[in-house]
Each structure stands twice: as C-alpha cells, then as structure tokens.
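**Q** Supplied in structure tokens, the structure appears directly below.
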Amino acid sequence: MTAIDPTAHLTAEQIEELGRELDAIRDEVIAGRGEKDAAYIRRVISAQRKLELASRGVLLFSFFPPAWLIGTAGLSVAKIMDNMEIGHNVLHGQWDWMRDPKIHSTTWEWDHVSPSDQWKHSHNELHHTYTNVIGKDNDLGYGIMRVDEDQKWSPFHLGQPLWNFINACFFEYGIAAYDLELGKNLSKHRRKDPEFRARAKAVGRKIRKQVLKDYVIHPLLSGPSFLTTLAATFTANLVRNLWTHSVIMCGHFPEGVQVFERRSINGETRGQWYLRQMMGSANISGSKAMHFMTGNLSHQIEHHLFPDLPSNRYAEVAVKVRALFEKYELEYVTGPLPKQVFSAWHKVFRLSLPNKKPKVTTPDREQELVAA
C-alpha cells in the first residue's frame, strides 16, 4: 500500500482491456497444449525418481565422505524437483488436462509434511485468490511478519528477521502450520473444533510418514552408515527448505511489490484481479537451469496470472506479459536471484523497526490493519 498508486493512471476501461488481452494469452496456450508438454512432465518425473533412488543408493555408503557429498547433493536436488517443478505444479492442476490419473491434482501426494489437500486449500484457493491482501493471504508474511509500513508496529516485530530465518530452515513445517491456520486455531475453544482436529490429525500422520521414511527406514538400511545417512537426509531437507523459502520470498516480498487492503478487493472485476496479480508478484531472472530449479516460479508474475498453465510454457508467456507491462506503463519487478533475495530480506529487516515518521490513516483503515 504505497503512498502513490502505481496503477492510478489506468482507466477502468484500460484495466478491463488489459484483462481481455491476458485472457487471449491464456486461451492461446490452452489451445496449444499437447503431447510435447505431456512428454516434458513425464520426463521430469522420471528423472526425479531416478535421481532420488540413485542418491539414496549412494548414501547407503555415506560413511565415505565422497559418497556423502554426492548422495546429499543428489538428494537435495531430487527433493527440490519433487516440491517445485513437480509437486507444486501438479497440485495446481497444470497437468489435469492430460487426464492421467497418476499425474493429477486430485491424486498426487508429495514429499512434504503438509498433506496435499490442505496445501491446495491454503495455496490454490486462498493465496492465489487473495494474493498480497493483508489479513486474507496467509502466504504474505506467513502470519509472523509485518509486511507493510501501515501495519501497527509492536516490539514483537523486532524479532521477525529471526522468525523468518527459522521458518526458512523448517519451511515445510511452517507451511503445514499455516495450512492449519494455527494462529487462529490454538485457542482452547477452536482446538476442540472437529474439522480442525481432523486436519491436525492428517498433518500428524503425514509428518510421521515423512519422518519414518527419511530418518528411520533409510538410515537403518544404511547399516554402519546410519548416522551419516541421517545427517545427509537432514541436510537435503534443509537445503530444499532454504531454497524453496528463498524462491517464495523473491516472488512476493521484494521492494516494489505491492500489498493491498481487504476493502480494496470489494467488487473486484477480472481485469482488476489480473492487475493485482501483476502488481503483487515479482520475477527472478536467470538461466534455464535456474528457472527449472525454481519450478518456474521464477516466472512468479506469469504463474499468478495463469496458475493452471503448464509451467514449461511460462518462459514464452513472459515475453508477451512483459510487453503488456510496457504497454500499460507498469513496473515489471524482476532481477537476478541474489538481488531479489537481498531486496526481500532488506524489507524484512526494515519492517521489523518502527516507522521513522508516523503514518496518517483513517480510523477504519487503522482498525483493518490491526486486525490483520
């Protein structure tokens, strides 16, 4: 919620025309989906499974340092592939059009402690609907950070760089926590809610399954390499969590990305929804390998405009989307990974401190921000 609205120069008619142009881009990709796209995701899934199997096999001999390094690196990459280019995108329904029951959003389960059905609700239904709307989008600050200067500051926010770092290290557990909406469900009354208890039990079962696989069965199969395999698996999960957290932070938190008040989306049209996605997201520039390892979420703007399009098509879509940014004189927030990571963390630190000058807000706006 910047003092100057970067979209103020657009008329209502221009916003709706922008929406129609974006609809046309989406329709063109949907009409062109085919066997080449299907072959792509099948190759990726096959490569990920082979890499994970080979890496776990090497880690059976992780007592030897070279085997530990090779196995840990391979398992880290395999876990990132599973979460990013495969799991995240399959669960978005990007490949449902193939009608393959083995690669479908309704049947897919991933290498993650958050059950897929709960993640789909909090991410697909809430985050993508209410992108960067304070008090509605749980992905915005993960419920533990101040994300805008107009939000009331408290001493608790001094610790948000630390909270954010801890969340990054154990990111999959952080995701499971806010999928459960623990912040509002930990009260004695809400803990007794049957729906919450059922969802909490499902998370508990998924955590047990993941812990059993990663920290019990695989290390035990390693025999004398038990401890080194245990350390390797922990390291691979840590690398995956830090990488995933960094990519997500770069998509919505760098300087220049806008946040929105809840009342701003009342009566929102399709064109306005598109515009909010454009202003509330940021991209990461880089090589094809980098884009792949981010699950093509380096094209975060395009992903938020078209979350159900195949991820391998975002690069070609980005060229057309960026042209629309230029046509409508909007800022396309992008940059290399180090720049975006620095920008996001700079914002985390900046907002952990009280404002240098008091913000002037209306009583209604202050009440809304406090509630958020």
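**Q** What residue among N312, N355, N296 has the largest mean-square fluctuation in a Gaussian network model of the chain, using Cα springs under 10 Å?
**A** Of the options given, N355 has the highest mean-square fluctuation.
**Q** Another question, then. Using all Cα-Cα distances in region 28-174, what percent lands in each 10 angstrom bin from 0 up to the longest?
**A** 10, 28, 30, 22, 10, 1
**Q** Rounded to the nearest 0.05, what FRET efficiency is calculated for D117 and K288 with R0 set to 41 Å and r the Cβ-Cβ distance?
**A** 0.80
**Q** If the only charges are +1 at each Lys and Arg Cβ and -1 at each Asp and Glu Cβ, what is the size of the charge dipole of region 22-119 around the Cα centre, to the nearest 20 debye?
**A** Value, rounded to 20: 440 debye.
**Q** Specify the inter-centroid distance of region 96-133 and region 238-301, based on alpha-carbon positions, in whole Å.
**A** 17 Å
**Q** Per q in 0.23, 0.31 1/Å, what log10 I(q)/I(0) does a Debye calculation on the alpha-carbon atoms of region 122-162 return?
**A** Results for region 122-162 at q = 0.23, 0.31 Å⁻¹ read -0.75, -1.04.
**Q** Tabulate in residue order the Karplus-calculated ³J(HN,Hα) for region 325-333, using 6.51 cos²θ - 1.76 cosθ + 1.60 with θ = phi - 60°, rounded to whole Hz; enter x for Gly and Pro.
**A** With coefficients 6.51, -1.76 and 1.60, one gets 4, 5, 4, 9, 6, 10, 7, 8, 6 Hz.
**Q** Along the Cα-to-C-beta direction of L221, a point sits 7 Å from the Cα; which residues of region 68-104 have their amide N less than 18 Å from that point?
**A** Within reach of a label on L221: 68-80, 82.
**Q** Rounded to the nearest 0.05, what FRET efficiency is calculated for Y173 and E13 with R0 set to 35 Å and r the Cβ-Cβ distance?
**A** Rounded to the nearest 0.05, the efficiency is 0.15.
**Q** How far is helix 35-59 tilted off the main Cα axis of the chain, in degrees rounded to 10, range 0 to 90?
**A** 50 degrees
**Q** Tally Lys and Arg at +1 and Asp and Glu at -1 over the other residues with C-beta under 12 Å from the C-beta of N296: what net charge comes out?
**A** -1
**Q** Take the Cα atoms of region 156-255, build their convex hull, and give its volume per residue in Å³.
**A** Given the Cα convex hull of region 156-255, per-residue volume reads 130 Å³.
**Q** Rg and Dmax of the chain, using alpha carbons, in Å: what are they?
**A** Over the chain's Cα set, Rg and Dmax evaluate to 21.4, 69 Å.
**Q** Now, a different point. What aspartates and glutamates does K356 reach when the alpha-carbon gap must be under 14 Å and sequence neighbours fewer than 8 apart in one chain are set aside?
**A** D148, E149, D150
**Q** Please give the contour-minus-distance gain from E331 to I207: 0.36 nm per residue of separation, less the Cα-Cα distance, rounded to one decimal in nm.
**A** Computed gain between E331 and I207 is 40.5 nm.
**Q** Another question about this same structure. Once amide H atoms are built 1.01 Å from N in the peptide plane, which residues 5 or more positions from S285, or in another chain, come under 5 Å H to H?
**A** Result for S285 returns G335, L337.
**Q** Whole angstrom only: what separates the Cα centroid of region 61-80 from the Cα centroid of region 303-347?
**A** Cα centroid to Cα centroid, the span is 33 Å.
**Q** For region 273-317, report the convex hull volume of the alpha-carbon atoms normalised per residue, in Å³, without decimals.
**A** 61 Å³
**Q** Roughly what would the spin-label model give for R42 and R26, points 7 Å off Cα along C-beta, in nm?
**A** Result for the modelled spin labels: 2.8 nm.
**Q** One quarter of the convex hull surface, Cα atoms only: what value does that give for region 1-113 in nm²?
**A** Quarter of the Cα hull surface area: 12.0 nm².
**Q** A follow-up question, please. How large is the charge dipole for the chain, taken about the Cα centre, if only the Cβ atoms of Lys, Arg (+1) and Asp, Glu (-1) carry charge, to the nearest 20 debye?
**A** The calculation lands at about 1500 debye.
**Q** Here is a follow-up. Which entries of K79/K209; K206/K347; K102/K320 show an alpha-carbon separation above 24 angstrom in the structure shown?
**A** The answer is K206/K347; K102/K320.
**Q** Relative contact order for the chain: what is it in percent, counting Cα pairs under 8 Å that are at least 6 residues apart?
**A** Dividing the mean separation by the residue count of the chain yields 26 percent.
Computed from the coordinates by the stated procedures, all read-outs in this text should not be read as laboratory data. All values derive from a computational prediction rather than experimental measurement. When we count neighbours, we look across all protein chains shown, and the Cβ atoms used for this are built from the backbone with ideal geometry, even at glycine.
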